[in-house]
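FYI, it's all coordinate maths here, none of it is from the lab. Just so it is clear, the model here is predicted, and its values are computed rather than measured. Quick reminder, even Gly has a Cβ in these numbers, built from the backbone with ideal geometry, and neighbours come from all protein chains shown.
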Amino acid sequence: MPTQFASPYRTHTCGELRATDAGKPAQLSGWVNRRRDQGGLIFLDLRDRHGITQVVIDRTDAPAAHEAASKVRGEFVVTVAGQVAKRLEGTENKRLPTGEVELQGTDLTILNEAKTPPFYVNDPEAQIDETLRLKYRYLDIRREPMARRLLLRSQLVHAIRDAHHKAGFIEIETPNLIKATPEGARDFLVPSRLQPGNVYALPQSPQQLKQLLMVAGVDRYFQIARCFRDEDLRGDRQPEFTQLDLEMSFVDEAAVMDFVESMIIEVSRSVMPERPLQTVPFPRLTYAEAMDRYGTDKPDLRFGMEIVNLAAALTGPDGKPASGFRVFDDNLAAGGVVKSIAAPGMAGATRREIDELVESAKRLGAGGLAHLAVEETGTVKGPIAKFLGDDGAERLTAAAGATPGDLVLIVADTAKVANEVLGKLRLEIGTKLGLADDNVLAYEWITRFPMYEWDAENERWHATHNPFSGVLPEDEPLLVTASGDPYRPSPKDPAGKARAMQYDVVLNGWELGGGSVRIWRRDLLEKSLALQGHSAEAMHEKFGALLDAFDYGAPPHGGIAFGIDRWAALFSKQSNIREVMAFPKTQTGNDLMLEAPSEPEPEQLAELGLKFVGRRGSVAGPAGDGAAGTVENLA
Ligand code: ASP
């Protein structure tokens, strides 16, 4: 990338010069990656985020520059002018794009000195304690891996913007100081100075605002939006994170999904041309199918090992359980399920490996885990084989989809437990056996989620995804309570069976995005909010603007939001979103570099009319102990 603007410091970046530039004058500026002093010659590897170029300074040709270069240390900022020359044959560096040339420096100025950094900035492979990386993030970002990932993230956002502009979307910024927009997490509150006693909430998402933009006639909106959720941090969570947020008018589920799918394909192909998309068009699974076949609503479809229901292979002609193995038969008779996965090539698993699998299954909530090995000869072996008989054992392993060499793992339990346990074992085994191709991008859609789940503690229905999600038209009659009083929800309500016009996008086993076609009629939204436990006053208090707006002509609308941090992490093959965020926080919510959060000045509190009455400190340790936290507890 040429430096297209005039600069007193450089004519080129450190990644730019090539053999065709030989003979030309050039000036480079950057950080000293390495210095080699060979007496009469000093070599400097000069680095900026674009690359590294070798500079050589000859004492005979340029005594003053040589003198200055002899004072230079790693990470000093220097500017060097001279002439580009081809390197002598045999001394080229094939690993560098600039490796065929060097800059023969005649003038060198030290622009700034640097202390010895706390870690090797010039070693991309160095294993560095993450606490140090976060404290000195500006040095960490100087390192090639972080610089590369931030560049990739920028390319991702650029491609997203391009795709939306092409499709007629308008980019609109919504405010960060708003009233709570719930997404199921705690709000971050900002006290108002001008209105003491009142607070703003930072948006958990721009959900209500984007819906209001649809009422405003914006038609197609998108935003790269910062969202704030005060929840306990996990590997893929941060208190503030970035969403691609979009909303469209006059759409049904298919219309949103069509646009979004084409946008994802366009973005993926432009940002990650070297990584194949596993299946196009993306597979579409209902929530029920995903749970049944993969035990999760975000299955990693890069490998098979599907969960199989063995009922047919275990029942006799009269439809009664008759496998001969009591645990299976009794469980089936009691309305449970017997399900399995077939682990490829694991028939030879040792006793210890099997014990470990059984332990895992129990830890995950199963009463036990049965197994049958299909040997290379086709013979089926395992402790339960004698109960099933040769035929029965073979019928079972065939139904499980096992081929010679496979180990069939079986759970007999409720459908919920069996799916969950086998789903997790599938993932553990898949990871251990390396079944998922690291390079492939496997996107899929999950649809038809339940609208609600019962929240026993608060005696209300809790929206599984989004309080404003629409209900499938055929399920609309289900949005009623058993009591007939819309404000008295109970677990017996038909609403528990209603399915949402909700769709999630999953990438390689990570939930990447989720959205829905919304409720866009006031009466229906009030019904749904009442089921969610809001009284008429409370819904007016919390969602009054949206409800009122629906009285002034709301178009049918729907949208979706994507975790940009997750997307960038998956594109850069990272398992933690901190690796694609410039300045992330630790698990205890600390910014180790700025040492935030910190105690406010007493005057600031006074101005806000606030007084601190709690116990000062942090989860990680004493107040101000910004550096608390090791790499383990950051994970
Ligand atoms: N606001 C939702 C979320 O943040 C996404 C959406 O439904 O558009 O998950």
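Tell me, in nm to one decimal, what length is gained between Glu92 and Arg226 on full extension, where the rule is 0.36 nm per residue of separation less the Cα-Cα distance? Don't skip to the end; give the middle numbers.
Numbers: separation 134, 0.36 × 134 = 48.24 nm, distance 4.58 nm.
Taking Glu92 through Arg226 to full extension adds about 43.7 nm, to one decimal.
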Using a Förster distance of 41 angstrom, determine the FRET efficiency expected from the C-beta separation of Ala538 and Ala167, and round it to 0.05. 0.60
Which of the peptides 494-504, 119-129 is most tightly packed, and how do the rest follow, going by the mean number of other Cβ atoms within 10 Å of each residue? 494-504, 119-129
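If you count, for each residue, the other Cβ atoms within 10 Å and average over each peptide, how do 188-195, 531-538 line up from highest to lowest?
Numbers: 188-195: 13.0, 531-538: 15.6.
Those peptides, ordered most packed to least, come out 531-538, 188-195.
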For Glu266, Glu130, what ranking results if the residue with the fewest other Cβ atoms within 10 Å of its Cβ goes first? Glu266, Glu130
Assuming a ≥ b ≥ c are the square roots of the Cα gyration tensor eigenvalues, decide whether the stretch 196-265 counts as rounded (a/c under 1.5), prolate (otherwise, with a/b larger than b/c) or oblate. oblate
With 10 angstrom as the radius, rank Thr350, Thr447 by how many other C-beta atoms surround their C-beta, starting from the fewest. Thr350, Thr447
Rg/Rh of the stretch 451-584 (Cα atoms, Kirkwood Rh), to two decimals, equals 1.06
Excluding residues fewer than 8 positions from Lys115 in its own chain, the lysines with Cα under 22 Å of it are Lys71, Lys135
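Report the Rg/Rh value for the stretch 434-518, based on alpha-carbon coordinates and the Kirkwood definition of Rh.
Details: Rg = 16.1 Å, Rh = 14.3 Å.
My calculation of the ratio gives 1.13.
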Hey, which lysines would be in cross-link range of Lys424, C-alpha to C-alpha under 30 Å, not counting anything within fewer than 8 residues on its own chain? Lys298, Lys320, Lys339, Lys362, Lys381, Lys386, Lys416, Lys432, Lys497, Lys573, Lys585
Partners for Lys24 among lysines (Cα-Cα distance below 21 Å; same-chain residues under 8 apart left out): Lys86
Please give, to one decimal in nm, the separation of the simple spin-label points placed at Val440 and Asp58, each 7 Å out from Cα toward the Cβ. 5.7 nm
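Could you tell me the calculated FRET efficiency between Glu459 and Arg352, based on Cβ-Cβ distance and R0 = 56 angstrom, to the nearest 0.05?
Working: r = 48 Å, r/R0 = 0.85.
According to the calculation, E is roughly 0.70.
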How much length would be gained if the chain were fully extended between Lys362 and Tyr552, taking 0.36 nm per residue of separation minus their Cα-Cα distance, in nm to one decimal? 62.9 nm
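Work through the residues other than Ser535 whose Cβ is under 15 Å from its Cβ and net out their charges, Lys, Arg +1 and Asp, Glu -1.
Details: positive: Arg460, Arg488, Lys527, Lys542; negative: Glu459, Asp485, Glu526, Glu537, Glu541.
The answer is -1.
Dividing the alpha-carbon Rg of the stretch 172-313 by 2.2 N^0.38 Å yields what?
Details: Rg = 19.9 Å, N = 142, 2.2 N^0.38 = 14.5 Å.
Expressed relative to 2.2 N^0.38 Å, the Cα Rg reads 1.37.
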Rg and Dmax in Å for the stretch 1-101, alpha carbons only: what are they? 12.7, 37
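Ranked highest first by average number of other Cβ atoms within 10 Å, how do 284-293, 461-470 line up?
On the way: 284-293: 18.5, 461-470: 21.8.
Descending mean neighbour count gives 461-470, 284-293.
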Using 10 Å bins from zero, what percent of all Cα-Cα pairs in the stretch 232-341 falls into each bin? 10, 23, 29, 17, 15, 6
Among the DSSP beta bridges whose two residues both lie in the chain, what percent are antiparallel, rounded to the nearest 5? 90 percent
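Using the Kirkwood radius over C-alpha pairs as Rh, can you work out the diffusion coefficient of the chain via Stokes-Einstein at 20 °C, viscosity 1.002 mPa s, in µm² per second?
In µm²/s, the coefficient rounds to 74.
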